[in-house]
Amino acid sequence: MGFESMAVRGVNNHYGPRKTNSKFGGDLTTDGIKKQAIWQFLYNDLPDASTSNMEQVIPANAKIVSAYLEILTAFTSTSTTTDLTVGLQTSAGTAIDDDGLITAVNASQTTIAAAGLIVGTGALVGATIGTSAGELTVAASAADLLTGEARVIVEYILVGP
């Protein structure tokens, strides 16, 4: 990748592709109303709420239409009993609902041990997230994951204030 810095104006130009971190998420509009947020991550770099302002957020008062956990590479752990939970927190790390998108029952050690799509049935699915914007958080029930890659897909609708 080429890089040019102009000290006179304090401007930086980047040439060529730049690596991005999909863990921070991205936003797509699937039609005029429904939006889709997507995060992709590895077993050793799970998304968590942060104050860096780089993360994709679900806007305050948004209604969650659906949530999916797509297992791209099977998750393994030393205990073989590790579950995942997927939810939302504020940027300050306060829980909106830590398993409000994908519960441990949805993402049990059995379901995350094989590639495929897991449908979330957490309490936030079909409901609004409340008055705070939400950042994705993925947590393992034990800190012993050895392999795995997944993508979280959340469809939501913006609701008035």
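The values are calculated or read from the model by the stated rules, or taken from the named source; none is laboratory data. The structure presented is a predicted model; accordingly, all values stated were derived computationally and were not measured. Cβ: placed from backbone, ideal geometry, glycine included. Neighbour counts: every protein chain shown. With ligands, DNA and RNA removed, areas are computed over all heavy atoms of the protein, side chains included. Shrake-Rupley method; radii C 1.70, N 1.55, O 1.52, S 1.80 Å.
For the range 62-161, relative contact order (Cα pairs under 8 Å, six or more residues apart, normalised by length) works out to 48 percent.
Sorting 63-73, 132-142 by average packing, meaning the other beta carbons within 10 Å per residue, from highest down gives 132-142, 63-73.
Overall, the accessible surface of the range 95-150 at a probe of 1.4 angstrom is composed of carbon and sulfur to the extent of 59 percent.
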